[in-house]
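The values are calculated or read from the model by the stated rules, or taken from the named source; none is laboratory data. All values derive from a computational prediction rather than experimental measurement. With ideal geometry, Cβ positions are generated from the backbone for all residues, glycine too; neighbour counts draw on all protein chains shown. Accessible surface areas use protein heavy atoms only, side chains included; no ligands, DNA or RNA. Shrake-Rupley method; radii C 1.70, N 1.55, O 1.52, S 1.80 Å.
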Amino acid sequence: MVRFDEAYSGNVFIGSHPNFMESQAVLYGMPMDWTVSYRPGSRFGPTRIREVSIGLEEYSAYLDRELAEVKYYDAGDIPLPFGNPQKSLDLIEEFVDKLLAAGKFPLGMGGEHLVSLPVFKAMYKKYPDLAIIHMDAHTDLRENYEGEPLSHSTPIRKAADLIGPQNIFSFGIRSGMKEEFEWAKKVGMHISKFDVHQPLKEILPKLAGRPVYVTIDIDVLDPAHAPGTGTVDAGGITSKELLASIHEIASSNVKVVGADLVEVAPIYDPSEQTANTASKLIREMILGWVK
């Protein structure tokens, strides 16, 4: 398990604080892609996001804040057993349990989207009135994928079973089985197709004061903006819209209690556009959501 009593010895995200105890937030990686159905490689996402962050400005012109104003600790990657989904999920949940017990804001980097499931479980234990904001190209509402319930196609369905479908709000969705959309409509789960920013603005007032966890799959972006991901899907939003959505949440009365950014697969993007975009998104999430 990653230790909290010393700074991570590898590459760290730009501006990270060297001391865990003094930090408000903890950035960590979940390098798992054991259940992907198309292209593997997202386990390398957290490391590359850190590496390219050196090219970022530490100041956000959007938020008029700089990283020095927020103490956040980069704990490195959770060491996960290759090819063992259940053990990996158990380790992630244990890790986040410890962060929450220490009063830290958890900010995770995936990894495939299934890594969000144990984080949802840890968050729900602390916040029984938890709501989830989910930005993604895909519904992720399958009960299983070809008979396997532990799949990157299932985390939002499992989250709905955990906290109630009425407490999950999905945006940017443009792909999924007909049955998934029908199930969401039947149980009263919110799904905004195709767009994010405008429908998000309409929903945020309804979540005012509630603890909210935000999970962002990088494939909510159009492949023109983020080709480095496991399951690309045409017709997505722009990076400008996603940044505006992050800032919209930051300026709202929603209490963000944790977040993650998943599915960056650097090998499919030699230009490194995807990793650089993800790095900037992480910066804005830190500056906008860690109060």
Any chance the stretch 260-278 includes a residue that's more than 17 Å from the chain's Cα centre (by Cα) and of a type in the set (A, V, I, L, M)? yes
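To keep it simple, each residue is scored yes or no on (1) among the β-branched types (V, I, T); (2) under 18 Å from the mean Cα position of the chain (by Cα).
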site: F44; (1), (2): no, yes
site: T47; (1), (2): yes, yes
site: E51; (1), (2): no, no
site: E57; (1), (2): no, no
site: S60; (1), (2): no, no
site: D64; (1), (2): no, no
site: E69; (1), (2): no, no
site: P81; (1), (2): no, no
Options L287, L243, L261; residue that is open to solvent by less than 30 Å² (accessible area, probe 1.4 Å), aliphatic (A, V, I, L, M) and assigned to a strand (DSSP E or B): L261
Six or more apart or on different chains, Cβ atoms under 8 Å: show the pairs whose first residue is in the stretch 46-62 and more than 19 Å from V26 (Cβ to Cβ) and part of a loop (DSSP other than H, G, I, E, B) and whose second is of a type in the set (D, E) and open to solvent by less than 70 Å² (accessible area, probe 1.4 Å). Y62/E284
Near pairs, Cβ below 8 angstrom, 6+ apart or cross-chain, from the stretch 219-243 (within 13 Å of V262 (Cβ to Cβ)) to any residue that is open to solvent by 50 Å² or more (accessible area, probe 1.4 Å) and of a type in the set (A, V, I, L, M): D219/V232; G228/I267
Specify the residue that is modelled with the lowest pLDDT; the eligible residues are those in the stretch 1-45 that are surrounded by fewer than 22 Cβ atoms within 10 Å (Cβ to Cβ), over 20 Å from L100 (Cα atoms) and among the small types (G, A, S). S9
Before we move on, is V212 in contact (Cβ under 8 Å) with a residue 40 or more places away in the chain and touching a strand residue (DSSP E or B) at 6+ places or on another chain (Cβ under 6 Å)? yes
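For the stretch 91-116, how many residues meet the condition of being among the acidic types (D, E) and closer than 15 Å to D219 by Cβ?
First pass over the stretch 91-116, keeping only residues among the acidic types (D, E): 93-94, 97, 112.
With closer than 15 Å to D219 by Cβ added as a condition, the list becomes 112.
Qualifying residue count, the stretch 91-116: 1.
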Contact list, first residue from the stretch 185-207 and more than 22 Å from P223 (Cβ to Cβ), second anywhere and among the aromatic types (F, W, Y), beta-carbon distance below 6 Å, six or more apart or interchain, is H190/F169; I203/F169
Could you list, in sequence order, all residues of the stretch 59-88 that are open to solvent by 10 Å² or more (accessible area, probe 1.4 Å), in contact with a helix residue (DSSP H, G or I) (Cβ under 9 Å, 6 or more places away or on another chain) and hydrophobic (A, V, I, L, M, F, W, C)? L63, L80, F82
